[in-house]
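Notes follow the structure.
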Amino acid sequence: MVAYNRTSLQGFPVYFNNGTLFKRTALPEGNSSHCCENTPLSKKEMEEVLTIDGNYKFMYAINNQFPGPTIVVYENQKVKIRVYNDMANEAVTLHWHGMFQSKTPWMDGTSMISQCPILPGQMFTYKFTASPTGTHWYHSHHGAMRREGLNGAFIVLPQIKKERTDIPKVDNDVLFMTQDWVYKKSDAQAVAEQNWYMLQFSNNLNTADCLTSKFTYDSSLSTLARPYTNALINGKSKSFSNSSTENQKTVPLELFTVKTNSSNRFRIINTGITGEYKISFDEHRMLIIATDGFDISPVWIDYLFINPGETYDVIVIANNTPGNFWIRVESDEVLDAQKNRIKPNASFAQLHYQEAKSDFPESKNRECSSSDPCVMANCHWGSKTMSKWNPHAQCMSVADLEAPSHTNVESPKAFQESANEFQEFFLNFHFSGSDQRLERASVNTIHFKNPPEALQVNPETVDDQNVVCNNTNMDQCGEYCQCTHVIKVATKKVTHIVLLADDGLTKGTSHPVHLHGNRFYVLKYSTGEINETTGFTEGQNPDIQYSPDFRSAQWRNSSWKYGNVPGINIENPPQKDTVMVPFKGYVVIRLLADSPGFWLMHCHLETHMDIGMAVVLQVGEISEQPIIPKDFPKCSNFKGTKSPDKSSPAQKYQNFVQLSNVKATTQVSKAGGSDSYEMSPSSYVTMIVFLVAFFCGIVVFSSILVFKQYVRRRGYRKIDRKDKVLFGNKH
Ligand SMILES: [Cu+2]
């Protein structure tokens with residue numbers, strides 16, 4: 001529950017007791033009966049408390065805010081954001097999710113890929129050009145701190161406001177950030193638990209009983225296959241648990257106040273680490289107008305599924321009788337471990353008409369029926385499955401969305417015409433192998449491991465065969481390859497990536513895959529094989545042929561190569577930066593790969609990414625990459641214990657001793673020669689001149705070194721707390 005503004009509550013632990021918040025204060029001097037006393041918070045102090053879901057929890061905050069401060073900039077504006085790491089223990093980076101970072105790949109904020117993490121007490125300045133427009137966000141991309149508070153919205157507005165003629169005029173623009181929340185556990189525990197979960201799973205133990213693991217519509221595992229307590233909406237919610245204490249019942253929910261007949265743009269962002277959510281507004285429809293910042297042709301829908309990493313802009317028109325209505329954020333769990341239908345968990349916010357009294361809503365969740373059919377968007381299980389659940393619910397996949405004509409300046413079709421070559425990659429985001437190893441989260445069976453130096457800062461790391469692996473040197477990896485998995489993608493070619501999600505097991509989950517730095521179009525979306533009777537995913541999509549170990553895949557029909565895939569949309573497909581890859585199915589994406597750099601592509605379920613479900617796309621040759629500023633900070637040369645250089649410690653010691661001996665030998669021989677050496681007076685003058693020149697040289701050389709060090713360290717220099725400006729460009 002408690003994070004507090006440092007201005008008045010700094011240093012005071014805050015406690016809850018019998019409906020009142022207290023701060024602990026020291027007793028006056030001389031009173032030794034007990035150490036301290038509890039003082040109720042003043043009204044002003046109360047306003048500074050982040051109530052969240054009413055449960056006490058240690059969390060992180062940016063500028064004492066949660067979610068972090070909203071950053072609003074204009075397209076192509078130069079953005080400068082200084083991040084000061086004021087945490088005691090944790091290193092951090094901030095990733096600008098959705099920003100292209102074209103020509104500044106080192107500003108992507110991806111720990112150990114684009115930069116070294118910012119250590120406690122240090123500052124780093126992000127400088128980049130804001131592009132493209134739309135609803136984006138930022139979050140920690142180091143470790144697993146995103147859900148614990150380190151996220152915020154990043155909105156890029158067009159420089160010249162052009163009203164879209166295909167949508168209603170927007171009166172009110174609001175943020176709707178939703179994320180899963182666990183009030184007792186820390187981020188590190190979440191990752192450890194994911195490892196434990198995978199171990200049980202590979203042992204074929206029924207973890208569904210141990211954890212909250214449930215199944216979604218097509219019987220694939222819910223993305224929420226770990227304990228969680230609720231979904232937050234703009235940092236507010238109540239716990240799902242029925243055993244809520246009084247303070248948990250009385251915490252305020254997020255209230256969206258609207259005027260009657262107004263048109264309201266909700267910028268919805270799923271900032272969570274595991275939860276796919278179904279969003280709906282009681283007795284109101286939503287008009288989807290954009291996703292991941294890219295405009296799409298408007299479609300009226302009733303339910304929106306949104307995965308971690310995705311953003312959707314919807315318009316809600318307040319055209320009902322003025323009143324109060326529930327906004328629901330429901331989990332994707334609809335089946336229990338025995339595949340019986342269950343009610344999903346739900347968190348709530350309120351849609352409040354300004355003209356109505358502020359009462360608790362009494363609105364009801366809508367049932368889709370023959371007289372009242374409904375539309376669901378961004379389903380990843382396909383309409384065959386949905387019709388088993390409700391024949392009156394129409395299910396649209398992301399590939400059913402279309403780009404409007406006004407955005408087709410650079411269409412995927414134009415890619416085809418402008419480039420004369422084609423390249424295709426099959427990337428399987430899955431848990432590999434069949435034994436009890438924990439390191440199973442992988443892409444094409446390779447478990448991703450960070451390099452010892454950030455790739456973008458030390459690009460020569462990609463030539464280190466002890467660090468980097470890919471399909472060309474797999475024999476070095478063995479069955480369970482753990483390495484920095486880098487795939488080379490040539491620039492300016494039409495690039496297709498077939499995204500897959502198949503573990504070869506009957507149970508498994510779908511994965512929301514996010515690509516840094518390069519936009520893509522979703523050309524085709526195809527689920528696994530669906531059992532017509534049950535609607536469940538029961539087999540691999542027949543279009544794909546995997547190798548027995550799932551290390552590689554190809555089109556079963558070889559005539560589908562080179563982009564010749566039936567059913568792809570290259571006329572007006574939606575543009576995205578994150579897409580859900582359906583369990584045992586596939587998604588075909590197209591990009592131009594026009595931004596040289598090292599770009600991470602990973603599952604946006606943070607617990608999956610942190611245990612290895614990631615890969616780096618090296619776009620272009622290193623010679624094509626923009627030149628990194630000379631003073632850009634480097635990591636130290638810490639070498640991971642799992643990827644040592646080839647020489648043994650004994651060899652290294654031997655090398656060191658030999659080198660020292662060489663120096664010592666030189667000195668000895670000079671000293672040895674002095675016995676028979678006699679200097680003339682002129683020699684003394686020459687020697688003095690030489691020594692003076694030598695010392696001057698040393699002084700000048702040292703000054704240059706010190707100056708260079710200073711310049712190099714500027715990005716990380718320690719700063720006075722008074723100078724601390726965290727989000728200087730916020731307005
Ligand atoms: Cu995943």
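The values are calculated or read from the model by the stated rules, or taken from the named source; none is laboratory data. None of these values were measured; they are calculated from a predicted model. Using ideal geometry, Cβ is built from the backbone for each residue, glycine included, and neighbour counts are taken over all protein chains shown. In case anyone asks, the SASA skips ligands and DNA or RNA and just uses the protein heavy atoms, side chains included. Shrake-Rupley method; radii C 1.70, N 1.55, O 1.52, S 1.80 Å.
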#### Entry: Given charges at Cβ of Lys, Arg, Asp, Glu: the range 53-94 dipole, positive-most of Tyr74, Asn64, Tyr84
Tyr74
### Summary
Inverse of <1/r> over all distinct C-alpha pairs of the range 248-364, i.e. the Kirkwood Rh in Å, gives 15.3
### Query
Restricting attention to the range 523-556, which GluC sites (Glu not before Pro) occupy a DSSP loop and are surrounded by at most 10 other Cβ atoms within 10 Å?
Glu532
### Task
Mind checking the full-extension length gain between Ser405 and Asn365? Use 0.36 nm per residue of separation minus the Cα-Cα distance, one decimal, nm.
10.9 nm
### Query
Pairs Lys127/Lys492; Lys278/Lys388; Lys78/Lys278; Lys80/Lys630; Lys236/Lys259: which are spaced more than 28 Å apart, C-alpha to C-alpha?
Lys78/Lys278
#### Entry: Förster radius 25 Å - calculated FRET efficiency between Ala356 and Leu157 (Cβ-Cβ, nearest 0.05)
0.20
### Message
To the nearest 20 Debye, how big is the dipole of the range 242-379 about its Cα centre, given +1 on the beta carbon of each Lys and Arg and -1 on that of each Asp and Glu?
### Response
160
### Task
Assuming R0 = 22 Å, can you tell me the calculated FRET efficiency for the pair Lys492 and Ser102, based on Cβ-Cβ distance, to the nearest 0.05?
0.95
### Message
In Å², and per residue, what accessible area does the range 447-562 have when probed at 1.4 Å with the other protein chains present?
### Response
39
### Message
For a test of the definition: using alpha carbon positions, the gyration tensor, and the 1.5 limit on a/c, classify the range 129-185 as rounded, prolate or oblate.
### Response
oblate
### Query
In the range 348-408, carbon and sulfur make up what percent of the accessible area (probe 1.4 Å)?
46
### Query
Considering the range 338-402, what Rg and Dmax in Å follow from its alpha-carbon atoms?
15.8, 47
### Message
Tell me the carbon and sulfur percent of the accessible area for the range 447-601, rounded to whole percent, probe radius 1.4 Å.
### Response
45
### Message
Between Asp549 and Glu460, what is 0.36 nm times their sequence separation minus the Cα-Cα distance? Round to one decimal in nm.
### Response
29.0 nm
### Task
Could you check the simple spin-label distance between Lys339 and Leu505, using points 7 Å along Cα→Cβ, in nm with one decimal?
1.7
### Task
Whole number in Å², please: accessible area per residue of the range 238-362, 1.4 Å probe, ligands, DNA and RNA not counted.
35
## Note on the structure
Label model pair Glu571, Thr534: point-to-point distance (7 angstrom along the Cα→beta-carbon line) in nm is 3.8
### Summary
Here, Trp300 and Lys413, labelled 7 Å along Cα→Cβ, have an inter-label distance in nm of 2.9
### Query
How large is log10 I(q)/I(0) at q = 0.12, 0.15 Å⁻¹ when the Debye formula is applied to the Cα atoms of the range 56-176, each weighted equally and without solvent?
-0.48, -0.71
### Query
In the neighborhood of Ser280, defined by Cβ-to-Cβ distances under 9 Å, what is the net charge if each Lys or Arg adds +1 and each Asp or Glu adds -1?
0
### Query
Taking the DSSP beta bridges in the range 324-428 as the whole, what percent of them are antiparallel, to the nearest 5?
65
### Summary
Contour minus Cα-Cα span, Ile622 to Thr165, at 0.36 nm per residue, comes to 160.2 nm
### Query
Nearest 0.05, what FRET efficiency do Thr20 and Thr257 give at R0 = 30 Å with Cβ-Cβ as r?
0.60
### Task
First compute the accessible area of the range 86-166 with a 1.4 Å probe, then give the percent of it belonging to carbon and sulfur atoms.
57
### Query
Any idea of the accessible area per residue across the range 78-185, 1.4 Å probe, to the nearest Å²?
34
